[in-house]
Each structure stands twice: as structure tokens, then as C-alpha cells.
Amino acid sequence: MSGSAIGRRRQRGWNIFESVFFIFLVLITGFVLLRSPFFEVRSILVQGNQLLDQDQIKSVSDIAPGVNIFKVDLAAAAARLKLIPMVKDVQVTRSLPSTVVIGVEERKPVGLLPTGEGFIEVDGEGVYLQKANAGAPGLPVVTGINFNLPSPGDAVDAAGLGDALTVISGLPGETVAELSEVHVDNEGQIKLYTIEGMQCRFGLAEDIQEKGDILNQLLIELRAVQDKINYIDLSCAGKPVVYYKLD
């Protein structure tokens, strides 16, 4: 037998040995990773939540402390959390050796819709978040629209609602805090009402930032004489008109 043939046989022998050794090493590594208490979940870290309770998030995720971190079904946990109406998006990741991190992006309520049984909170996309009481700070009531009440987590389908929410979302925060109601008529014309009862004819949902800055300044300047004001007309951007009550 030639030396080259013996060399090839020895090489095949080493290749088989290396393959068996590699498989054995993988099995040992897998056994250690799945069995070692070093990789048991000891903490669940929740990030990004401001409105949702941390304990609620942990409970819905159904991730049990003590389970091996590699056995945690991250996709299933994320799917369960996305069923919470207030959750817009969520990421569930492992932080070795023993921490699961839940990163939450919450939906932010921007307005209230009246229903036959009270009010519901909706976000900027019109998603029904939860039931609420009137008078929630910074959440004006949107009126003038008709809709069928969807399930929590679903979007409200109503003509004019998108324009109203776009206006609310585009106004300065300090101005929204002054509002009690946002009314939309059949032609898409929007009227704003302050907590003190002052009316602002905002017009269509356009030039929102410009109109919002003007309105914010006017509310400050006219606060002392607001009882004498009939309404503010901002329907023509850049040309605000203040109408006073007739004596």
C-alpha cells in the first residue's frame, strides 16, 4: 500500500474522530446550558413603561423565574404582551446569564370619546385603549362623530376622528392642557373649547403647528379678558381674529 493511501486513511480516521468529538462537545455544551442553574431566570427587567404597571407586564408575559433562560419562548411572550391594548410594540430579549428584558413601547392617550356608558381613551391612531372618566387632564373630549364601539385594542372607525386627533397631537402640550372639547362638524371644520368655555374656530386640520402657536400665545394674552370674548377665529392661518361679545 502506498504512503499516500495510508495518509488518506489516517486523514479519514481523524475526520471521523473530530466529527464525533465535535458532536459530543455540542451535546455536553447543550446539556450544561439547559441544566445549569447558572442560566435560570432570576430577574425580569421591564423598560419603557410609564402608564402600564410593571407587575402587570410581567404577569402577562408568563415568564416564570427559575426556568432556564434558553427555554423561554421570547416570541410567545411578546405575542401575549401585544394583546394589551396599551402596548404598541414590544421586544423580549435575553440578557445572559439570567435576565429577561422586556422593552415596551406604549400607546399614549390623546383624547376621549363619549359612549353610551361613559368615555374611552384613544391614542393618536384612534385605537381604543381603555375606559376613562371625563375630565382627565390633557385629554379633551372629541365630539361630533358617530362610531360603533370596537373592542379594546382595535381602532375606532369614524369620519372626522383622524382630523381631530391630528389636531390634538399637533398642538403644543400646554394648549392641549387648556382644552375641554374638540368638535368636528360634517364638513371637517374643527372647533376647540377651553376649560373656561372659550371657543376657537380652528377650521380644517391644516397648518396645525402655526395655528397652535398662535392660539397658545392668544390664550396667554387674553386670559384676563376671556369673559368678554365670543370666539377666536383661526380658520385662516396667520390671520387670527378675536371676536368680542356685544355689550
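Quick notes on this one:
- Shape of segment 135-190, Cα gyration tensor, a/c cut at 1.5: oblate
- 222 nm mean residue ellipticity, helices alone, for the chain (DSSP H n ≥ 4; -39,500 (n - 2.57); rounded to 500): -10000 deg cm²/dmol
- Cross-link check: pairs 71/131; 108/191; 71/108 evaluated at a Cα-Cα cut-off of 27 Å; pairs beyond the cut-off: 71/131; 71/108.
- The chain - accessible surface per residue (Å², probe 1.4 Å): 59
- Farthest positive-ward along segment 78-142 dipole, Cα basis, beta-carbon charges - from 116, 99, 134: 99
- Cα gyration tensor, segment 115-159 - rounded (a/c under 1.5), prolate or oblate: rounded
- Theoretical FRET efficiency, 1/(1+(r/R0)^6), r = Cβ-Cβ of residue 136 and residue 82, R0 22 Å, to 0.05: 0.35
- Considering only alpha-carbon pairs that sit under 8 angstrom and 6 or more positions apart, the relative contact order computed for the chain is 11 percent.
- 5 angstrom amide H check on residue 159, placed H, neighbours 5+ away: 146
- Surface composition of segment 143-247: carbon and sulfur atoms hold 45% of the protein heavy-atom accessible area at a 1.4 Å probe.
- Net charge dipole size for the chain [Lys, Arg +1 and Asp, Glu -1 on Cβ; Debye, nearest 20]: 2160
- Here's how it looks for residue 204: its modeled amide H is under 5 Å from those of 190, which are all 5 or more places away or on a different chain.
- Of all complete DSSP H helices in the chain, those with a Cα span along the helix axis of 18 Å or greater and a mean Kyte-Doolittle hydropathy of 0.5 or more are 3-35.
- Each principal axis of the Cα cloud of segment 46-153 was evaluated for its coordinate range; sorted largest first, these ranges are 54, 25, 20 Å.
- Computed packing ranks the peptides 196-207, 52-63 as 196-207, 52-63, most packed first, by mean other Cβ atoms within 10 Å.
- Note on residue 245: aspartates and glutamates with a C-alpha under 18 Å away, same-chain residues under 8 apart excluded, are 196, 221, 227, 233.
- When only the Cβ of Lys, Arg, Asp and Glu is charged (+1, +1, -1, -1), the dipole of segment 48-100 relative to its Cα centre reaches about 120 debye.
- Dipole of segment 62-210, positive end: most advanced residue of 198, 149, 70 [Cβ charges, Cα centre]: 70
- Stokes-Einstein diffusion coefficient of the chain, Kirkwood radius over Cα pairs, 4 °C, 1.567 mPa s, in µm²/s: 57
- Cβ crowding within 10 Å averaged over residues, with 77-89, 224-236 ranked highest first: 77-89, 224-236
The values are calculated or read from the model by the stated rules, or taken from the named source; none is laboratory data. These numbers were taken from a predicted model, which means no experiment stands behind them. Counting neighbours? That spans all protein chains shown, and the Cβs are built from the backbone with ideal geometry, glycine included. SASA here: full protein model, heavy atoms, side chains in, ligands and nucleic acids out. Shrake-Rupley method; radii C 1.70, N 1.55, O 1.52, S 1.80 Å.
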